[in-house]
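A short worksheet on the structure shown next.
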Amino acid sequence: MSQPSESLPQVAPASTNPRRPPALFNQPSADFILHTSDDVDFRVHSQILAQASPFFAAMVSLPQPAPQAPQDDAADPELERKATVEPRADVSEDSATLAALLHLVYPVPKTAMDDPAQMLPLVKAAKKYDFALPLQILCQWLIAAVPHQPILVWATACRTGLEAVARHAATQLSKQDALDLSSDPNVEAMAFVESLGPMDDFSAADYFRLKRFLRCKGEPIDGESLLLLSPTPGELEEKAPCDVPFAPFSTDIPSTDVLCWPASGEEAIEPLRAHKAVLSVHSAVLRASLAGYRDPVSSDRASDTSPDASSCRSLHFDEDEPLVSALLTVCYHGRASFNKSRPLAALTKLLRAAEKYDMADVAHWTRAAWDERVARSPLEAYYAAIADGFEEHAKGAVLTALERPWILTTVYLPVMESTSAPVYHRLLKFVDAHRLVVQTCLSPIIISLQARVQKKTSFGGVGESKTLAQRALCRLEAVSAIGALPRDSEFGSLDQLLPAITRDILPYIAQLGTADKIVIPDVAWRLLTVHTDIRRGRETIAL
C-alpha cells in the first residue's frame, strides 16, 4: 500500500484563478482541497476519502500546520479563507481523471464506461491511492468490455498489473484464434498487438506470456497454472548466468605515469594509474591525447594520491569507472582477460569503448568473447545488444540461432521483464520473415520432387530407394513448414541436412523415365545450393 508523505497536506495559498470543478466537488461543506495538474481545485470531504482509501486516511490524520497570516489586507475574503484554513494537496492527475475517480468514490450513481483507454488512467490512480471500491468497479467494467475489445483490455491489464482481468481478455483472444493458428500454426509474432500503437509501457515478458497462453490450447488455462503478468515459480528459480564482472583495475608494474580519470558523476573518484607506453601501443586516440600538454588541474586533483602524481599526465574519460577499469584490464592482460565469462552488457559497452578509442586488439578480443557468448546464449545476447544500441550485433545474435528458432521464441529470460514489448515483437517478426524466405527457396524444389516421388515404376530396387526418397521429401517439407530444422532432427544445420536429402532422393529419381532424368542435375544443384539462397535472403531481412 502506498504511504502518504507528511509533506502532502499543507496549508498553502489557493490558485489566484483556478478553474471550477464539477458542482459535487465544490460544496461549502468540503474541508480539503485537491489541486490537479491542470490547475483545478477540487473541494472534497476528507472523511469520505479516508473511508475509501487508507492512503488518504493516513494523510488526513497527520497534524495540520497552523494557519498563515494574510499576505494582503485587501485580499478577497473567500480566497483568504481558503488560503489560511483549508488544507490542500497537489495531485499529478488532471481534472478529468480526478473527477471520474471521485465519482466512483462518492456515494452517487455511477455511469458505466466501456472504453479501456479511458479507464486506464482511472485504474492507475485508483491503485496509486489505494481506492479498493473504485478499482473493483473498474475491473468489472473492463471484464464487461472483453467480448468486444479483448486486446485493449489485455493491454490495460498489463499496464496496471490486473492479473484476473488479463486472464479474461487472454481467454477471449484464445477463443477467437487471435494468433490465426488455424491458417498458419507456425506464426510467432502476434500481428494484432500492432493495433495498440506504441507498446513501450508493457514488457517483452507480458508479450511472451500472452503468446504462450494462446498456444496452450486451453489445458493449463482452467487450472490457472499460467500467469500472464508475472513469472511462474519455475522461471523464478532459474539460475542466472555465472558471469564474473571485471574487477577494479590496478597494476603492480612500477613507474606509472598516467592518471586515468573516469567520469565522476555525483561521486568523488580516484584516478586509475597506468603507463603511457601501454596505452599508446593499444590506442592511437589515447596516444595523441598523451602527446599533448599535461592538465595542471588534474595534477592538482591527484596531489594527494601519490608523491609523484604531479609528474603524471592525465586522461579524462567519458566512461564510468567499471568500464575504464575493463578497458585497462584488457590492455594489460589481453586475451586472458576473457578467461572468465564476462557479462554480456559489459562486453557490449567494452566493444563500443574500444571502437571509440581505436583499440583494435581490445576490440578483436572483445568481439571474440562476444561471439563465444552468442553461440551459447543467442537470446540473451540479442537483448544485451539491443539495450546498448548495437543493432548489427543484435541481428548477428539472432542469425546464429535461426535454424533452431525455438531457442529465440520459446525461452523466458528475466531480462524480458525490463525489456519493452516492441523488442520481442521485432524478434518474432524477424523469425517469421526468415521462415517465409526458407519456404520461398524450398517451395519450387518440393513441388518438383513431389510430382516425381509419387510416380509408380517397375524398376528393380525402386521400393527401397523410393522409401528413402519419401522420407527425405518429408524432411524437406518439415523444414519448409517451420523455416528451420525440426526439434528432433539429428542434423546440426541445414548445411548438413540438405546434402543428406540429396543423397536419399537422387537414386530414386535416376531410376525413373528419361524425361525425369533430364531434371536430375537441376534438382541436385538446387538442393546443394539452396542454403546459399536462404542465407542471402535472410541477410536482406530488417530487424
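Applying the criteria of a DSSP loop state and at most 15 other Cβ atoms within 10 Å to the chymotrypsin sites (Phe, Trp or Tyr not before Pro) of the stretch 341-403 yields no site.
Distance from the alpha carbon centroid of the stretch 93-152 to that of the stretch 20-49 works out to 19 angstrom.
For the stretch 116-171, the solvent-accessible area of protein heavy atoms averages 37 Å² per residue (probe radius 1.4 Å; ligands and nucleic acids excluded).
With the convex hull drawn around the C-alpha atoms of the stretch 317-443, the volume per residue stands at 122 Å³. Rolling a 1.4 angstrom probe over the stretch 335-419 with all protein chains present gives an accessible area of which 56% lies on carbon and sulfur atoms. Dimensions of the stretch 85-210 along the principal axes, based on C-alpha atoms and rounded to the nearest Å, stand at 67, 28, 20, largest first. Using 30 Å as the Cα-Cα cut-off, could you pick out the over-long pairs in LYS340/LYS429; LYS128/LYS349; LYS127/LYS395; LYS175/LYS429; LYS340/LYS395? Listed pairs above 30 Å: LYS340/LYS429; LYS128/LYS349; LYS127/LYS395. Less than 5 angstrom separates the built amide H of ALA189 from those of ASP432, all sequence-distant by 5 or more or on a different chain.
The values are calculated or read from the model by the stated rules, or taken from the named source; none is laboratory data. Because the structure is a prediction, the values reported are computed rather than measured. Cβ: placed from backbone, ideal geometry, glycine included. Neighbour counts: every protein chain shown. Note: accessible area is taken over every heavy atom of the protein model, side chains too, but ligands, DNA and RNA are not part of it. Shrake-Rupley method; radii C 1.70, N 1.55, O 1.52, S 1.80 Å.
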